[in-house]
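To keep things clear, I will list the structure first and then write my remarks on it.
The values are calculated or read from the model by the stated rules, or taken from the named source; none is laboratory data. Owing to the predicted nature of the structure, the values given are computational and were not obtained by experimental measurement. Methodologically, a virtual Cβ is constructed for each residue, glycine included, from the backbone with ideal geometry; neighbour enumeration extends over all protein chains shown.
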Amino acid sequence: MKTKNQYINNNYLNYVKSVAPKTNEVRSLLRAFWVGGFICCLGQFFRIIIENNFELPPDMTAGYVSMIMIFLGSFLTGLGVYDRIGKYAGGGSIVPITGFANSVVSPAIEFKTEGYIYGVASKMFTIAGPIIVYGVASSVLVGLIYYIYYLVV
Amino acid sequence: MNLFLTFLKTFAVGGLICVIAQLLINYTKITSARILVSFLLAGVFLQAIGVYQYVVDFAGSGATVPIIGFGYLLAKGAMEGAKEGLFGAITGGITSAGIGITSAIIFGYVFALIFKSKSKKN
Amino acid sequence: MRTLFYKNKPSIIMTSTVAGPKESEGSLGKFYDVKLSDDKYGEKSFEKAESKMLYTAIDNCINKSKKDISKIDSIISGDLLDQITSSTFAVRNFNTGFLGVYNACASFCESLSIGATMIDGGYMQNVICATSSHFSSAERQYRFPLELGSTRPPLAQWTVTGAGACMLSNSKSNPKIVCSTVGKIVDFGVTDANDMGAAMAPAGAETISTHFKETGLKPNDYDLIVSGDLGTFGSRILKDLLYEKGFDIEKQHVDCGELIYNISESEYQGGSGAGCSSLVFCSYLFDKLKKKELKRILLVATGALLSSTSSMQGESIPGIAHAVSVEC
């Protein structure tokens, strides 16, 4: 049986590449820039409001800001608006924390038809799962490195 | 004027981070899960070598709202925890990122109860 | 020989279609029998809706032909979902034989050629060939959740929401199936699951050139050469590849995926899916054949044989295409 590599027809693949339509580069970058920047400004806006009205330590302020942003991202996903923003803005709506919320909520809603255990709860992490896994693992790694560093120094 | 400058910095830095992601999408056909993971790891790394704190001090939410800020938070928690000992080094990251993960799960579940999946028309 | 010549020329006596909301607004909207305004079709899930669409198409086809179900020997049907459940759940309502087929988006031509062979051989009298696809159920299975804010790359196609069914019979009437060419799996090593046009075009070119070689026909002998769902980009590749092999189909070629929508930026390349070729053939093309505005067409449905698992394992995407020649 032949393997995949024996099928690769480089002439054809190069030809396909040369005639394939391209994304509108400048336009997609501009869109990502302004939408991404706008979402961050929204976060800054909530941050200033919290700073001015409640006297909280900076860590807690940041926590509440991300909570609000995640709420907004989830809500817009539920309304079916966030996917349209995503289509327009690309990276501009994937990278902000609202995009993380979108990646949790969208499969949760989508797989409701498969039930609340195997559907909603388990599919919730199809996209966000890797983020949590790598996030936690790398933070433990960093923690251990610093722990050893503090022991030695 | 000061307020305007703050927002300008937030807008510029936040926008730039998103532009990097868009460049990755345009050139590498990378999927959104991969982008989120690599940006998160970038945040962890940049904070671990002590760089990202400066970006956060400069741009505020422009640096913390993108997922890279989530990585920053994880690393920062772990580094602070490490000062208190081994237990802190292990739990520090998820403690400081707890609010993000918890709210995503709670809102995700609640909205899944409320909303139904809708088809797209375009 | 991969081309089957039918001596008794099985005829296509009746068709029926069910189209989703977006398809109904498209350029062929007025040719569809049932146009849905809600793509859940009153059901709880998209999968159930797809099954109901296929059921409705088959049921309408039988009712319109005024034949009793006992006269229908078999239903040959396929779709894109895992274990072709849309088909099996739709056909369980009919008290007749069932053959399930899967060749991705080429399933419709596959079912036509199997059905025609059954009738030509005298084994069956009336056979229904049907396929369906649904944008939302396919998107869930092959790509990402609908609500996920991801970008659609410029090569992406839009899975057609629709079902088409047609009845083949041994009654000598027009239009009729003259011959069909069985496809071969062709793999040129395309791995981008968004670029289905490029993955399927070589298979399409292979089948069309084999068809011409084995029948001795030339592109000019056909009024139309209809590809299933190559999209704008895939169609261009198909024409280029065939030109290299010495067949110029520029004048005769149309693509169902290109026909089905008013091509705008949001669908990029046009429609795809098992329902794409069946919807276009059972509505617009059948109408034109019936009115003798088209004399002879070659329907070449192309399919990309990937699964969500195979593309995650980095496998390339093999393509297949079956051709069916219809005359009136």
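Yes or no, residue by residue, for (1) out of contact with any His (no Cβ under 7 Å at 6 or more places or on another chain); (2) polar (S, T, N, Q); (3) in a helix (DSSP H, G or I):
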| site | (1), (2), (3) |
| --- | --- |
| C:275 | yes, no, yes |
| C:281 | yes, no, yes |
| C:286 | yes, no, yes |
| C:292 | yes, no, no |
| C:310 | yes, yes, yes |
| C:320 | yes, no, no |
| C:323 | no, no, no |
Exercise for the section: Test residue C:272 against the criterion of being touching a residue at least 24 places away in the same chain (Cβ under 8 Å) and touching a strand residue (DSSP E or B) at 6+ places or on another chain (Cβ under 7 Å), and give yes or no. Expected result: yes
Practice task
Looking for whichever is buried (at least 23 other Cβ atoms within 10 Å of the Cβ) and closer than 19 Å to residue C:14 by Cβ here; the options are C:299, C:294. Which one fits?
Solution key: C:299
Fill in the blank from the handout: Note: among C:130, C:106, C:138, just one is of a type in the set (Gly, Ala, Ser), touching a strand residue (DSSP E or B) at 6+ places or on another chain (Cβ under 8 Å) and within 14 Å of chain A (Cβ to nearest Cβ), namely C:138
Practice task
Could you pull out every one of the helices (runs of 4 or more DSSP H) wholly within region C:77-143 that has 1 or more residues that are on the phi < 0 side of the Ramachandran plot and modelled with pLDDT of 95 or more?
Solution key: C:85-91, C:107-120
Practice task
Go through (1) in a loop (DSSP other than H, G, I, E, B); (2) under 12 Å from the mean Cα position of the chain (by Cα) and name the single condition residue A:128 misses.
Solution key: (1)
Practice task
Run down B:46, B:40 and say which single residue is closer than 29 Å to residue A:105 by Cα, crowded, with 18+ Cβ neighbours inside 10 Å and within 11 Å of the chain's Cα centre (by Cα).
Solution key: B:40
Completion exercise
When residue B:111 is run through (1) surrounded by fewer than 20 Cβ atoms within 10 Å (Cβ to Cβ); (2) under 21 Å from residue A:105 (Cα atoms); (3) not aliphatic (A, V, I, L, M), the failure sits at (1)
Exercise for the section: Give region A:110-122 a look and list any residue that's more than 8 Å from chain C (Cβ to nearest Cβ), crowded, with 16+ Cβ neighbours inside 10 Å and either within 22 Å of residue B:119 (Cβ to Cβ) or touching a residue at least 24 places away in the same chain (Cβ under 8 Å) (or both), or say none. Expected result: A:112, A:119, A:120
Completion exercise
Matching residues in region C:1-30 (of a type outside the set (S, T, N, Q) and either touching a Leu at 6+ places or on another chain (Cβ under 7 Å) or over 26 Å from residue C:179 (Cβ atoms) (or both)) number 13
Handout entry: Conditions (1) in contact (Cβ under 8 Å) with a residue 24 or more places away in the chain; (2) in contact with an Asp or Glu (Cβ under 9 Å, 6 or more places away or on another chain); number of the one not met by residue B:92
Key = (1)
Handout entry: Yes/no for residue A:145 being part of a helix (DSSP H, G or I) and more than 9 Å from chain B (Cβ to nearest Cβ)
Key = no
Problem - From the options A:61, A:77, residue that is in contact with a helix residue (DSSP H, G or I) (Cβ under 6 Å, 6 or more places away or on another chain) and facing chain C (nearest Cβ under 10 Å) - result: A:77
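Rundown of residues vs (1) hydroxyl-bearing (Ser, Thr, Tyr); (2) within 19 Å of the chain's Cα centre (by Cα); (3) buried (at least 17 other Cβ atoms within 10 Å of the Cβ), yes/no style:
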residue	(1), (2), (3)
C:8	no, no, no
C:11	yes, yes, yes
C:15	yes, yes, yes
C:20	no, yes, yes
C:23	no, yes, yes
C:28	no, yes, yes
C:37	yes, no, no
C:42	no, no, no
C:46	no, no, yes
Fill in the blank from the handout: So, first residue among the aromatic types (Phe, Trp, Tyr) in region C:83-94, second residue assigned to a helix (DSSP H, G or I) and surrounded by fewer than 16 Cβ atoms within 10 Å (Cβ to Cβ), Cβ within less than 9 Å, six or more apart or across chains; the pairs are C:94/C:69
Exercise for the section: Specify the residue that is nearest to the chain's Cα centre (by Cα); the eligible residues are those in region A:1-27 that are assigned to a helix (DSSP H, G or I) and of a type in the set (A, V, I, L, M, F, W, C). Expected result: A:26
Practice task
Of all residues in region C:70-92, count the ones that are farther than 13 Å from residue C:128 by Cβ and not basic (Lys, Arg).
Solution key: 11
Problem - Residue in region C:272-290 that is at positive phi and touching a Cys at 6+ places or on another chain (Cβ under 7 Å) present - result: yes
Problem - Filter pass, residue B:51 being surrounded by fewer than 23 Cβ atoms within 10 Å (Cβ to Cβ), among the β-branched types (Val, Ile, Thr) and modelled with pLDDT of 90 or more - result: yes
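Okay, residues lined up against (1) touching a Cys at 6+ places or on another chain (Cβ under 9 Å); (2) modelled with pLDDT of 95 or more; (3) within 29 Å of residue C:46 (Cα to Cα):
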{"residue": "A:89", "(1), (2), (3)": "yes, no, yes"}
{"residue": "A:92", "(1), (2), (3)": "yes, no, no"}
{"residue": "A:100", "(1), (2), (3)": "no, no, yes"}
{"residue": "A:103", "(1), (2), (3)": "no, no, yes"}
{"residue": "A:123", "(1), (2), (3)": "no, no, yes"}
{"residue": "A:128", "(1), (2), (3)": "no, no, yes"}
{"residue": "A:138", "(1), (2), (3)": "no, yes, no"}
{"residue": "A:150", "(1), (2), (3)": "no, no, no"}
Exercise for the section: Taking residue C:228 as meeting all but one of (1) among the small types (Gly, Ala, Ser); (2) without any contact (Cβ under 8 Å) to a residue 60 or more places away in the chain; (3) touching a Cys at 6+ places or on another chain (Cβ under 8 Å), write down the number of the exception. Expected result: (2)
Problem - Listing of helices (runs of 4 or more DSSP H) fully contained in region A:28-108 that carry 1 or more residues being aromatic (Phe, Trp, Tyr) and surrounded by fewer than 24 Cβ atoms within 10 Å (Cβ to Cβ) - result: A:58-79, A:82-89
